[in-house]
Structures are given as C-alpha cells and as structure tokens.
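Below is one structure, written out as structure tokens; comments come after it.
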C-alpha cells in the first residue's frame with residue numbers, strides 16, 4: 001500500500017461570507033468579510049492528515065476552470081496526491097456559498113458542478129485500492145453516492161483496509177467491532 005489514506009468525496013471551492021446574523025426571508029444583512037478556501041469534508045480530512053505527515057491521496061472530480069485549478073493547486077501545496085482527481089474539460093467545479101454568523105451558525109448553498117458528473121468508469125481502480133484507509137464523505141447527487149458505495153464494496157473485497165466515513169447519508173451500514181482487532185477506539189463496519 002502506497003497511501004495511508006485516500007479521500008473520496010466532493011471537491012468544492014468554499015466562498016464563505018462572515019455576517020453578524022444569517023438573513024431571514026426578506027431581510028438584508030451586511031457582509032463583514034469574505035474568504036475563499038478549498039473544501040469538501042473528505043478533502044479537509046486528508047489535508048489535515050497530510051499536515052500531520054501522513055501519505056494521502058484523493059478521488060474526486062473538478063472542472064477545468066479557475067476553481068478546479070485552485071482546488072488542485074491547494075492539494076498540491078498541502079502534499080495531497082492528485083492522481084485520482086479527474087479534471088473535466090468544459091465543466092464547472094463544485095462551489096459552496098456559505099454565510100457564517102458571529103455565533104458560528106451557518107447557511108450553505110451548494111452548486112455541485114463536476115462532482116455530480118463523476119462516473120464509475122472514470123475512477124482509477126488501482127489508485128483506489130492503494131491505501132490502508134478509504135475516507136468517504138457524501139456527494140449531493142444520488143448517482144455519485146451509489147458509485148461511492150459500490151467502489152467501497154469493491155475496495156473492501158480486494159484489500160484488507162479500514163473505511164472511515166464522515167457524517168454522511170450512507171445507510172445500510174452496520175457498525176461492528178471485531179473481537180480480534182488491534183485498533184484502539186476504531187470501529188470497523190460492514191455493508192449489510
């Protein structure tokens with residue numbers, strides 16, 4: 001195994017606006033600040049792991065636009081391998097517009113872009129099978145969610161690995177703790 005963790009999920013440019021209060025219907029609020037960051041739950045996780053010195057990669061899809069290039073550059077700068085990220089010509093990358101108030105409450109609007117066009121045939125299976133952990137986070141599209149589930153089933157069949165899931169809509173997962181495991185405080189689970 002070449003990678004300790006491969007992340008698999010949506011890649012988005014997060015455009016985050018700081019506001020004093022989230023606007024209600026018909027209200028107007030002033031934006032105090034705006035930042036643009038690379039995002040996506042699994043992406044954030046693998047970047048954190050890379051910063052801790054772990055060898056990580058990613059599976060996802062971005063458009064061939066300014067945002068897609070920004071996402072790829074952000075991964076490269078953070079030492080996340082990008083060979084599993086598909087660059088799709090003529091598509092927009094995923095973008096999240098978020099409003100965050102002074103209490104930390106947020107409201108997010110997602111334009112999934114290229115994330116919603118990821119196809120099973122585009123995934124490099126050898127790359128996907130080259131990790132100890134596969135870390136998932138959800139996609140907005142049902143098709144991409146199904147691809148994620150079936151890629152995971154295939155991944156688990158082919159290699160001895162651990163699967164990590166970020167708070168997601170995956171159902172049909174049964175959490176189990178094997179009796180003979182050497183991992184402290186880690187849950188294993190199987191798809192049922």
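Values in this text are rule-based calculations from the coordinates and carry no lab data. Since the model is a prediction, treat every value here as computed from it, not as a measurement. Cβ placement follows ideal geometry from the backbone for every residue including glycine, while neighbour counts extend to all protein chains displayed.
When the stretch 1-28 is filtered for residues that are more than 28 Å from residue 114 (Cβ to Cβ) and either crowded, with 22+ Cβ neighbours inside 10 Å or without any contact (Cβ under 8 Å) to a residue 12 or more places away in the chain (or both), the ones remaining, listed by number, are 24, 25, 26, 27, 28. Looking at this structure, is residue 10 closer than 19 Å to residue 136 by Cβ, outside any strand (DSSP E or B) and touching a helix residue (DSSP H, G or I) at 6+ places or on another chain (Cβ under 6 Å)? Yes: the conditions hold for residue 10. Counted as qualifying within the stretch 63-131 are the strands (runs of 3 or more DSSP E) with 1 or more residues that are under 13 Å from residue 39 (Cα atoms), namely 94-100, 106-111. When residues in the stretch 54-75 are screened for being over 14 Å from the mean Cα position of the chain (by Cα) and closer than 16 Å to residue 6 by Cβ, 2 of them pass.
Pairing each residue of the stretch 59-81 that is on the phi > 0 side of the Ramachandran plot with any residue that is in a helix (DSSP H, G or I) and crowded, with 19+ Cβ neighbours inside 10 Å, provided the two are 6+ apart or on different chains, yields C-beta distances under 6 Å for 79/50. Inside the stretch 34-44, residues that are assigned to a helix (DSSP H, G or I) and surrounded by 21 or more Cβ atoms within 10 Å (Cβ to Cβ) make up a count of 2.
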